[in-house]
1. Take region 42-69 and flag every residue that is part of a strand (DSSP E or B) and without any contact (Cβ under 8 Å) to a residue 40 or more places away in the chain.
2. May I ask you to say which residue of 131, 46, 86 is of a type in the set (Gly, Ala, Ser), within 24 Å of residue 163 (Cα to Cα) and surrounded by 13 or more Cβ atoms within 10 Å (Cβ to Cβ)?
3. Which one of these does residue 119 not meet: (1) modelled with pLDDT of 85 or more; (2) surrounded by 15 or more Cβ atoms within 10 Å (Cβ to Cβ)?
4. So residue 99 ticks every box in (1) touching a Gly at 6+ places or on another chain (Cβ under 9 Å); (2) over 15 Å from residue 33 (Cα atoms) but one. Which box is left unticked?
5. Residue 148 - would you say it is free of Cβ contacts under 8 Å to residues at least 40 places away in the same chain and closer than 24 Å to residue 33 by Cβ?
6. Looking at residue 121 and the list (1) touching a Phe, Trp or Tyr at 6+ places or on another chain (Cβ under 8 Å); (2) among the basic types (Lys, Arg); (3) closer than 26 Å to residue 91 by Cα, which single condition is not satisfied?
7. Which condition number does residue 153 fail, the rest of (1) part of a loop (DSSP other than H, G, I, E, B); (2) free of Cβ contacts under 8 Å to residues at least 24 places away in the same chain; (3) within 22 Å of residue 49 (Cβ to Cβ) being met?
8. Are any residues in region 70-104 outside any loop (DSSP other than H, G, I, E, B) and within 19 Å of the chain's Cα centre (by Cα), and if so, which ones?
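The values are calculated or read from the model by the stated rules, or taken from the named source; none is laboratory data. Predicted model, so just to flag it, every value in this text is computed and none were measured. Note that each Cβ is placed from the backbone with ideal geometry, even for glycine, and that neighbours are counted across all protein chains shown.
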Amino acid sequence: MGTRGCGFQPCAGEKRGSATGPSPVDRGRLGSKHHLIVDQAGLPLAFALTGGNRHDSTQLLPLVDGVPSVAGKVGRPRRRPSRVYADRAYDYPIYRRQLRRRGIKPVIARRNTRHGSGLGRFRWVIERTFAWLHQFRRPLVRYDRRADIHHAFLALGCCLICWRRLADAN
C-alpha cells in the first residue's frame, strides 16, 4: 500500500477507506464485514474486518488460527477448539480438510439441502454476539475511512462484551 495524493496515511484519498467493497445488499454502496469466532458462551475469541464483497469462507482459517491459547485443565494450554459449527457459507471440501488437518471436527451445514440441519441450536450464539457487538454505534456504522481505526473500535467492542460477561458472572 502506498500513499495516494498528498495524504500522509495509506490510501488517504480512497473513498470510504480500505477494507471496503461493494455491499452484497446494496450494490451502489461500499461496506465492510465483521467476521467473528466465539466460544460456546458467545465470548469473542478472534475477529476480522474485510470488504463487503469478500466471501465469508475466506476468513475461516485465519480466524481459527487467530484463536489465542486458553488455559484451563492441567497440561499444555488448548490452542484450538475441538469442533467448529458453521453455516452453509463455509461448506467447501477444502475448508473441511483443512480443519480436520488441524484436529478440529467441522460441523457445517451442507449446501443445496433443505433447512433444518439442527445447527440453529448453536448458531444463535454467534448471532447474539453480533447483536451485542452492534449495540455499539462505532462498529455498527463505519464512519472511519481508515481500516485500522475501525478495526480498533471492533476490538474495543469485543473487549467490552467480554468485560460485561465477566462483570455479570461476579
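1. Within region 42-69, the subset part of a strand (DSSP E or B) is 44-51.
Of everything in region 42-69, those that are part of a strand (DSSP E or B) and without any contact (Cβ under 8 Å) to a residue 40 or more places away in the chain turn out to be 45, 46, 48, 50, 51.
2. Working: 131 fails: surrounded by 13 or more Cβ atoms within 10 Å (Cβ to Cβ); 86 fails: within 24 Å of residue 163 (Cα to Cα).
The conditions single out 46.
3. (1)
4. It fails just one condition, (1).
5. On the way: free of Cβ contacts under 8 Å to residues at least 40 places away in the same chain: yes; closer than 24 Å to residue 33 by Cβ: yes.
Considered against the rule, which asks whether it is free of Cβ contacts under 8 Å to residues at least 40 places away in the same chain and closer than 24 Å to residue 33 by Cβ, residue 148 comes out as yes.
6. Tallying (1) touching a Phe, Trp or Tyr at 6+ places or on another chain (Cβ under 8 Å); (2) among the basic types (Lys, Arg); (3) closer than 26 Å to residue 91 by Cα, residue 121 fails exactly one: (1).
7. (1)
8. To start, the set of residues in region 70-104 that are outside any loop (DSSP other than H, G, I, E, B) comprises 70, 78, 83-86, 88-90, 93-101.
Result: 70, 83, 84, 85, 86, 88, 89, 90, 95, 96, 98, 99.
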